[in-house]
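Okay, structure first, notes after.
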Amino acid sequence: MKDGFYLSTYLTPVGLPRLLDIWVRHDNAVALWEKAGSRVTLVHYWELERLTGTKEHGTGFWTADEQASFLNRLLAEYNLRLDDICDVWGSPDIGHSLWRPVAPQGLAIHAVAHAYSALMVDTQLLRESPALVIAVDGGPDDVLETNNPRSWYAGAFHRPGEPLRWFSIASPGMLYYAAKARFRMREGSLMALSSATRARSQFDAKTLLIAADLRGAAAEAHAFRIVDTITDSVRRNGIVTSCREDRRFTREELEISAIMKAIDDAARSIMRQNIWTALQDSGTEATVCFLGLSGGFALNCPTNTALIDEFGFRGLLAPPAVNDSGQALGIGLWAFSDLAGGPELVDFELGSAFHGADVVAEEELRRYSDYIDEVASWDPATFVDDIQRGPLAWVEGRAEIGPRALGHRSLLADPRSEESKKMLNELKRREWWRPVAPIVLAEYAAEWFELRRESPYMLEAPRVIRAQSRRIPAVVHLDGTARVQTLRRAHSPLLYDALKAFHDRTGVPILCNTSLNDKGEPIVNTVGEALTFALRKKLPICYINGHRVLLRRTVGDLDIAKRPFSDVFAGAQPEGLRQRLNPGDLDEVHLYVWLKTPALRRRYDIADPVAARALRQVVDALLERSPYQREVVAQKIRLRRIGP
């Protein structure tokens, strides 16, 4: 494997998905790597939602040429073109890949890529310690599959000097997908509502798991059945709550909270069984190894902390992009591992979350000069004065990757007042009960939280030490926990100095930290987008890479902040494309099933009218045998998304 630049991608295939306006993949992303000997460096990570403004971006390109042009625009930042790239992995429409992923033992490629994104965040650890990796999310994307995988979810056990041992696991992720469909609330809101009240039912959902297959294609049907059974029971038998604060919630919110607690209990039971079985099979004690977690379910912070503490793992291995936005990361690390002969032979450390777009402060501030009253240099005392008056926007250095703001594109506030949480939720147009995360100086974390390890990516929710909880009410959940991010100066020097200044003045080494974005929007990417948000929300002050920016109250026209790549997906359909891609004039249902089923894609070339007619008959027969599957297909076409 030669030295040079490599590209790993997680993009929706070109052509037919765009024609149907269906997201075959969501959270599209691109990773640029540089290899020098055994050393691999992540040069840049682009999440398309940050470039286009479409949250969880999954829109494909019309043609391969259009996609290549887009990638060349990204690479131009480093004076590169696709011709300069040694190899491109992850999306089948980009030339010829010298490496193709082959999942072990009938596992899903999607799940194995997730596992690598956690396993290889720091390969030095792999040379020193065992690691158990669990990749759990909703389901695979199927783009790279040649056959339908028997198991959608993957686990792996690593012992230094030995080959990886892969195995099938069950995933609780589909339970949250089913709940999302049932209650029309995002998974994050459902998880937050679970701990926002003390409402509980008497129903024990774990009994439903005995007969449930949550490993492969049957997982979706079983998950919907479990969620429906829990919901019907809770609504029939009622809920239990004795908390005065619960009176602020609607009856529906209390019911959903009770239902989600039952789902959380079931999910944790599934994860315990996965881990217990893997440890037994490997003959290893949890206390000597790390737990690696990836996939969308790894955003469930309370479960992450409970599992690490209950089993006694040494710590957590996980990237900040544990959801599908980290697929390009996992695909790249998998390729380097395969081509080097194993993960231990690759010298890689993610190091921090900050691999996105860098700040171009001076240029952007000049563009926004009509909206700015004053730009001043950093002063710690002034910062503390400002944040005690109300929330402010904070932009520093390169953007964090993943779905959570980690201090480089954040809204910050004083945690000592419940009013701070209220103001932040109003700014973001979120439900009033949504929790706000604390960011804490790492060296003081153990004095405030029951946490004996660092949590740099906000993936754990330890208990707040009881004696301290009254001092930081804005970040404490009703159950006494908080979704903590620990901070070291090496990763965010300006923010670290800001927290230190606040600590020196108040005795509290903590600030409220939530993402800098409005409802339904991705986290901002550029200084211009941050300033536009602040102006729109009438936030008077932004801190931009050490500059204190005082904004005017009258904002005028804000179209200046248009995302630079948003026009890429606004182009018209090329003439004659529909006829070339679908000459057999198959309808959406037949095309959807063909896209979703690797075996059908391999067998039937829909550009051949004879094959298209045969496919229509096969799909009709399949859906005739399974009315449930027909309903699922119809629902997903309505949602314009194939995967959970």
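The values are calculated or read from the model by the stated rules, or taken from the named source; none is laboratory data. Note that this is a predicted model, so its numbers are computed, not measured. Note that we place each Cβ from the backbone using ideal geometry, even for glycine, and neighbour counts take in every protein chain shown.
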Filter the range 88-103 for residues that are over 24 Å from the mean Cα position of the chain (by Cα) and either at pLDDT 95 or above or among the small types (Gly, Ala, Ser) (or both); the one that is farthest from residue 341 (Cα to Cα) is 95
- Query: Taking residue 483, is it surrounded by 23 or more Cβ atoms within 10 Å (Cβ to Cβ), touching a strand residue (DSSP E or B) at 6+ places or on another chain (Cβ under 7 Å) and basic (Lys, Arg)?
  - Reply: yes
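Residues are listed down the side, and each one gets a yes or a no for (1) touching a His at 6+ places or on another chain (Cβ under 8 Å); (2) among the aliphatic types (A, V, I, L, M); (3) buried (at least 19 other Cβ atoms within 10 Å of the Cβ); (4) more than 20 Å from residue 594 (Cα to Cα):
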{"residue": "7", "(1), (2), (3), (4)": "no, yes, yes, yes"}
{"residue": "30", "(1), (2), (3), (4)": "no, yes, yes, yes"}
{"residue": "38", "(1), (2), (3), (4)": "no, no, no, yes"}
{"residue": "48", "(1), (2), (3), (4)": "yes, yes, yes, yes"}
Flag if residue 12 is of a type outside the set (D, E, K, R) and surrounded by fewer than 22 Cβ atoms within 10 Å (Cβ to Cβ)
no
Counting only residues that are under 22 Å from the mean Cα position of the chain (by Cα) and surrounded by 19 or more Cβ atoms within 10 Å (Cβ to Cβ), the range 416-426 contains a total of 1
Residue hits (the range 103-122; in contact with a strand residue (DSSP E or B) (Cβ under 7 Å, 6 or more places away or on another chain) and either surrounded by fewer than 22 Cβ atoms within 10 Å (Cβ to Cβ) or part of a loop (DSSP other than H, G, I, E, B) (or both)) are 104, 105, 106, 108, 121, 122
Residue hits (the range 71-102; surrounded by 22 or more Cβ atoms within 10 Å (Cβ to Cβ) and at positive phi) are 90
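Being crowded, with 17+ Cβ neighbours inside 10 Å, under 24 Å from residue 469 (Cβ atoms) and in the same structural domain as residue 369 (by TED's automatic domain parsing) narrows it down to one of 531, 511, 539, 535, so name that one.
Values: 531 fails: under 24 Å from residue 469 (Cβ atoms); 539 fails: under 24 Å from residue 469 (Cβ atoms); 535 fails: under 24 Å from residue 469 (Cβ atoms).
Exactly one of 531, 511, 539, 535 is crowded, with 17+ Cβ neighbours inside 10 Å, under 24 Å from residue 469 (Cβ atoms) and in the same structural domain as residue 369 (by TED's automatic domain parsing), namely 511.
Yes/no per residue for (1) surrounded by fewer than 22 Cβ atoms within 10 Å (Cβ to Cβ); (2) out of contact with any helix residue (DSSP H, G or I) (no Cβ under 9 Å at 6 or more places or on another chain); (3) within 30 Å of residue 313 (Cβ to Cβ):
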residue	(1), (2), (3)
209	yes, no, yes
232	yes, yes, no
241	yes, no, no
249	yes, no, no
263	no, no, yes
269	yes, no, yes
272	yes, no, yes
277	yes, yes, yes
290	no, no, yes
Counted residues in the range 472-525 being of a type in the set (S, T, N, Q) and part of a helix (DSSP H, G or I) come to 1
- Any residue in the range 487-495 that is under 22 Å from residue 308 (Cα atoms), surrounded by 21 or more Cβ atoms within 10 Å (Cβ to Cβ) and touching a residue at least 12 places away in the same chain (Cβ under 8 Å)? yes
Any residue at all in the range 405-415 that is in contact (Cβ under 8 Å) with a residue 60 or more places away in the chain and over 24 Å from residue 364 (Cβ atoms)? yes
| message | Taking the criterion of being in contact (Cβ under 8 Å) with a residue 40 or more places away in the chain, in contact with a helix residue (DSSP H, G or I) (Cβ under 6 Å, 6 or more places away or on another chain), over 25 Å from residue 52 (Cβ atoms) and surrounded by 15 or more Cβ atoms within 10 Å (Cβ to Cβ), would at least one residue in the range 317-326 satisfy it? | response | yes
**Item:** Residue match in the range 392-415 (condition: closer than 29 Å to residue 241 by Cβ and at pLDDT below 95)
**Value:** no
With criteria (1) over 19 Å from residue 221 (Cα atoms); (2) crowded, with 21+ Cβ neighbours inside 10 Å, residue 205 comes up short on (1)
Would you confirm whether any residue within the range 462-470 is crowded, with 21+ Cβ neighbours inside 10 Å, closer than 20 Å to residue 401 by Cβ and in contact with a Gly (Cβ under 7 Å, 6 or more places away or on another chain)? no
Open item on the list: Against the condition over 13 Å from residue 513 (Cβ atoms), free of Cβ contacts under 8 Å to residues at least 12 places away in the same chain and assigned by TED's automatic domain parsing to the domain that holds residue 547, how does residue 452 come out, does it pass?
Closed with: yes
Among the residues of the range 65-77, the number that are over 20 Å from residue 5 (Cβ atoms) and touching a residue at least 24 places away in the same chain (Cβ under 8 Å) is 1
Residue hits (the range 591-605; among the β-branched types (Val, Ile, Thr) and touching a residue at least 60 places away in the same chain (Cβ under 8 Å)) are 597
Among residues of the range 145-156 being surrounded by 24 or more Cβ atoms within 10 Å (Cβ to Cβ) and over 8 Å from residue 108 (Cβ atoms), the residue nearest to the chain's Cα centre (by Cα) is 155
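Residues of the range 273-290 being of a type in the set (Gly, Ala, Ser) and modelled with pLDDT of 95 or more, which ones?
Just the residues of the range 273-290 that are of a type in the set (Gly, Ala, Ser), to begin with: 278, 282-283, 286.
If the condition is that a residue be of a type in the set (Gly, Ala, Ser) and modelled with pLDDT of 95 or more, then 278, 286 are the ones that fit.
Can you pull out the residues in the range 483-511 that are among the hydrophobic types (A, V, I, L, M, F, W, C), farther than 30 Å from residue 566 by Cβ and at pLDDT 95 or above? Explain how you work it out, then say what you get.
Residues of the range 483-511 among the hydrophobic types (A, V, I, L, M, F, W, C): 484, 487, 490, 494-495, 498-499, 501-502, 508, 510-511.
If we keep only those that are farther than 30 Å from residue 566 by Cβ as well, we get 484, 487, 490, 498-499, 501-502, 508, 510-511.
Result: 484, 487, 498, 499, 501, 502, 508, 510, 511.
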